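Report on the following structure.
The values are calculated or read from the model by the stated rules, or taken from the named source; none is laboratory data. Here the structure is a predicted model, which means the values were calculated and not measured. All Cβ positions, even for glycine, are placed from backbone atoms using ideal geometry, and neighbour counts span all protein chains on display. For the accessible areas, the whole protein counts, side chains as well, though only heavy atoms, and no ligand, DNA or RNA atoms are used. Shrake-Rupley method; radii C 1.70, N 1.55, O 1.52, S 1.80 Å.
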Amino acid sequence: MTHYLDHAATTTVRPEATAAYAEALRHTGNASAVHAAGRRSRRILEEARETVAALLGCDPAEVVLTSGGTEADNLAVLGTARARAGTRVAVGATEHHAVLDPAHALRREGFGVDVLPVGGDGQLLPGALDALGHDTAVVSIMWANNETGVIQPLGEVVERAHSLGIPVHTDAVQAVGHVPVDFRASGIDLLSLSGHKVGAPVGIGALLARRETPIVAVAHGGGQERGIRSGTANVPGAAALAAALTVAVADLDREADRRRRLRDDLLAALAAIDGVHPTGTGLPEDRRHPGIAHAIIDGVDADSLLFTLDRAGIAASAGSACRAGVHEPSHVALAMGWGAEHARGTLRCSVGWDTTAADVSAFAAVVGDAVGRARRAHRS
Ligand code: PLP
């Protein structure tokens, strides 16, 4: 039996999402078509959009449906930078590659890129926002980090950026459905989310984009989704996203408390091992993701630790990008000041709506031995 502790990578599809998806699949009809079948698909699509908007505090017209978080991030960074007159973009040092890489790609178009530093606790350094200027076209700072679970001070980012007239994008892929998110109240201009992190299937996500925020399409075609995101609408995906988000938001407070307890038990099991450094434990609770437990471990290679855990029935993650089956040193750990050796020794356990105390106990029972084995493998 596998104890799945990798919900930040992708979480179990919720039964409500499966039901909504299956129901929508029964209807043939392109949502852009004028006939009755198309209009029925359009109705399902627009109802899903309205539900997502109501749950996240925005107008339905502000919900631009995408294939997931990566597409939403690319659209926000590339689309806003190209639509505005600025010559620079600013991104946090610990952003997901779906934000960092489009920012760096903009260099080829002549943009300068300001990478805003974080401190040892993973939070944006107080002076980091000094890099913003009148020539900054867009700033992108994530809501919750996918490796460490650290939540960024977005209120300060919005205040500073707006004082200079800069639109703010946030990658809220790990936040939506896990912590309270109110788009309107946040003051944020662009927000990315992804269905498969909240219990919908892979293949659906959204960019919430204020009507007045300048943005141009990245992919061109049929002009769907306000002309910003062309492509035939994924109606079953949208229905599943709305269904999954409905349950996630309704359960949010109760679930956050339950998950925090599971997270803290995971961290306690890790902290009991010599040479393990849990991340974020000194931060106030409102700066921590309720479901992500992360640690940096002396003298291990993440790949061999994950392999050892997997053989013991635990599915966990290094949190960092994996290319050709091998984890790269975590750019998040490096940005937080750890050396390359430690940035290769990261472990992330993440809990979801169907995680139980038994999953955490199973982890606690084997993690000490797994770290010992991984350390011996690392030394030899
Ligand atoms: N941004 C963050 C913070 C993520 O954690 C992920 C996925 O791991 C993504 C973006 C990409 O989302 P998707 O898998 O939906 O493309």
Task: Set Ala209, Ala219: member being closer than 22 Å to Leu100 by Cα, in contact with a helix residue (DSSP H, G or I) (Cβ under 9 Å, 6 or more places away or on another chain) and within 15 Å of the ligand (Cβ to nearest atom) - done: Ala219
Task: Residues that are surrounded by fewer than 20 Cβ atoms within 10 Å (Cβ to Cβ) and of a type outside the set (A, V, I, L, M, F, W, C), drawn from the range 135-164 - done: Asp135, Pro153, Gly155, Glu156, Glu159, Arg160, His162, Ser163
Open item on the list: Restricting to the range 169-212, count the residues that are in a loop (DSSP other than H, G, I, E, B) and either crowded, with 24+ Cβ neighbours inside 10 Å or touching a residue at least 60 places away in the same chain (Cβ under 8 Å) (or both).
Closed with: 22
Open item on the list: Among the residues of the range 141-150, are any more than 23 Å from His327 (Cβ to Cβ) and either within 16 Å of the ligand (Cβ to nearest atom) or part of a helix (DSSP H, G or I) (or both)?
Closed with: yes
- [ ] Given the conditions (1) open to solvent by less than 60 Å² (accessible area, probe 1.4 Å); (2) modelled with pLDDT of 95 or more; (3) in the same structural domain as Thr356 (by TED's automatic domain parsing), report the number of the one that Ser320 does not fulfil.
- [x] (2)
- [ ] Could you tell me whether any residue of the range 235-249 is of a type outside the set (Ser, Thr, Tyr) and over 24 Å from Ala54 (Cβ atoms)?
- [x] no
- [ ] Could you look through the range 216-242, keep only residues that are assigned to a helix (DSSP H, G or I) and open to solvent by 20 Å² or more (accessible area, probe 1.4 Å), and pick out the one that is nearest to Ser350 (Cα to Cα)?
- [x] Pro236
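Results for (1) outside the structural domain of His294 (by TED's automatic domain parsing); (2) among the aliphatic types (A, V, I, L, M); (3) modelled with pLDDT of 95 or more, shown as yes or no for each residue.
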site: Val326; (1), (2), (3): no, yes, no
site: Arg348; (1), (2), (3): no, no, yes
site: Thr355; (1), (2), (3): no, no, yes
site: Ala364; (1), (2), (3): no, yes, yes
Task: Meets criteria (open to solvent by 50 Å² or more (accessible area, probe 1.4 Å), over 17 Å from Val218 (Cβ atoms) and more than 11 Å from the ligand (Cβ to nearest atom)) for Thr87 - done: yes
Open item on the list: Tell me yes or no: at least one residue of the range 264-271 is open to solvent by 50 Å² or more (accessible area, probe 1.4 Å), among the aliphatic types (A, V, I, L, M) and not in a loop (DSSP other than H, G, I, E, B).
Closed with: yes
TODO: Kindly indicate which of Ala93, Ala81 is open to solvent by less than 70 Å² (accessible area, probe 1.4 Å), within 23 Å of Val113 (Cβ to Cβ) and within 16 Å of the ligand (Cβ to nearest atom).
DONE: Ala93
Task: Residue ID - nearest to the ligand (Cβ to nearest atom), chosen from residues in the range 1-35 that are of a type in the set (S, T, N, Q) and open to solvent by 60 Å² or more (accessible area, probe 1.4 Å) - done: Thr18
